[in-house]
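Visitor: Below you'll find the structure I mean.
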Amino acid sequence: MMTLLSLAGFIGSIRRSISSLRLYARGLGFALIVSLAIDALYIWAAFTTSHADFVQRCINGSTDQKTIDACNSKDAGTIVKVLVVVVAVITLGVQIWATVITSQYGDKLLEEQAWRANIVGGPRDVPVPMTGSGGKYASAPLDEARAPLTGATYAYPYTDSSNSHGQAYDPPQHGV
């Protein structure tokens, strides 16, 4: 089932299909909840199993003395507990990250679709302004944008002495 959802998510991300991405994000959320429950059971089992039961399961009928010695050591149980917790935390972290990224991408596509729907008669590939914590691009005033073509001088934005350039910008004159 997750294979089909993953395929739908992959195709949805390429086609920028909100419905496919939402389906995939819901599948990831469900898988995250199931993984959380299973990992909690593994951690509970690792910490509630007695040392004698652990040793018996570790040896598992083996006659190899190295295996028996390794299972009987005090550190074996501690190592298993640490490994169970570390693996659970890493896998849950990756799953949470994937779920959040997929959900945020779906939200971004939904926002883009809503923004484009507000443009009456505009082209479908109208650039969507950046939102969120990032800044927006502000174009230079028209006279400053044309200055390199006309040879006019203007005050460079970083001409004050506190900045590293500290001098007026004088564009090179072409053909002079």
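Visitor: Can you name the number of the only condition in (1) crowded, with 16+ Cβ neighbours inside 10 Å; (2) under 25 Å from L92 (Cα atoms) that S17 fails?
Guide: Here S17 clears every test but (2).
Visitor: Can you pull out every residue in segment 49-62 that is among the hydrophobic types (A, V, I, L, M, F, W, C) and more than 16 Å from L83 (Cβ to Cβ)?
Guide: A52, V55, I59 - these are the residues of segment 49-62 that are among the hydrophobic types (A, V, I, L, M, F, W, C) and more than 16 Å from L83 (Cβ to Cβ).
Visitor: Right, another one. If I ask for residues that are part of a helix (DSSP H, G or I) and touching a Leu at 6+ places or on another chain (Cβ under 7 Å), which ones from segment 6-25 would you list?
Guide: A8, G9, G12, S13, I18, L21, L23, Y24
Visitor: Right, another one. When you scan segment 92-106, do you find a residue that is in contact with an Asp or Glu (Cβ under 7 Å, 6 or more places away or on another chain) and either surrounded by 15 or more Cβ atoms within 10 Å (Cβ to Cβ) or not small (G, A, S) (or both), even just one?
Guide: Within segment 92-106, one or more residues are in contact with an Asp or Glu (Cβ under 7 Å, 6 or more places away or on another chain) and either surrounded by 15 or more Cβ atoms within 10 Å (Cβ to Cβ) or not small (G, A, S) (or both).
Visitor: For segment 73-101, what are the residues that are in contact with a Phe, Trp or Tyr (Cβ under 6 Å, 6 or more places away or on another chain) and touching a residue at least 40 places away in the same chain (Cβ under 8 Å)?
Guide: V84 - this is the single residue of segment 73-101 that is in contact with a Phe, Trp or Tyr (Cβ under 6 Å, 6 or more places away or on another chain) and touching a residue at least 40 places away in the same chain (Cβ under 8 Å).
Visitor: What's the number of the condition V55 fails, among (1) touching a helix residue (DSSP H, G or I) at 6+ places or on another chain (Cβ under 7 Å); (2) under 30 Å from Q104 (Cβ atoms)?
Guide: So V55 meets the others, but not (2).
Visitor: Could I ask something else about it? Filter segment 71-91 down to the residues that are part of a helix (DSSP H, G or I) and small (G, A, S), then identify the one that is surrounded by the fewest Cβ atoms within 10 Å (Cβ to Cβ).
Guide: If we take residues in segment 71-91 being part of a helix (DSSP H, G or I) and small (G, A, S), then A76 is surrounded by the fewest Cβ atoms within 10 Å (Cβ to Cβ).
So that you can scan it fast, the table gives a plain yes or no per residue for (1) assigned to a helix (DSSP H, G or I); (2) open to solvent by 90 Å² or more (accessible area, probe 1.4 Å); (3) hydrophobic (A, V, I, L, M, F, W, C); (4) under 26 Å from K81 (Cα atoms):
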position: L4; (1), (2), (3), (4): yes, yes, yes, no
position: G27; (1), (2), (3), (4): yes, no, no, no
position: S35; (1), (2), (3), (4): yes, no, no, yes
position: D39; (1), (2), (3), (4): yes, no, no, yes
position: W44; (1), (2), (3), (4): yes, yes, yes, yes
position: F47; (1), (2), (3), (4): yes, yes, yes, yes
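The values are calculated or read from the model by the stated rules, or taken from the named source; none is laboratory data. Keep in mind that what you see is a predicted model, and the values were worked out from it rather than measured. Note that each Cβ is placed from the backbone with ideal geometry, even for glycine, and that neighbours are counted across all protein chains shown. Ligands, DNA and RNA are excluded from the accessible area calculation, which covers all protein heavy atoms including side chains. Shrake-Rupley method; radii C 1.70, N 1.55, O 1.52, S 1.80 Å.
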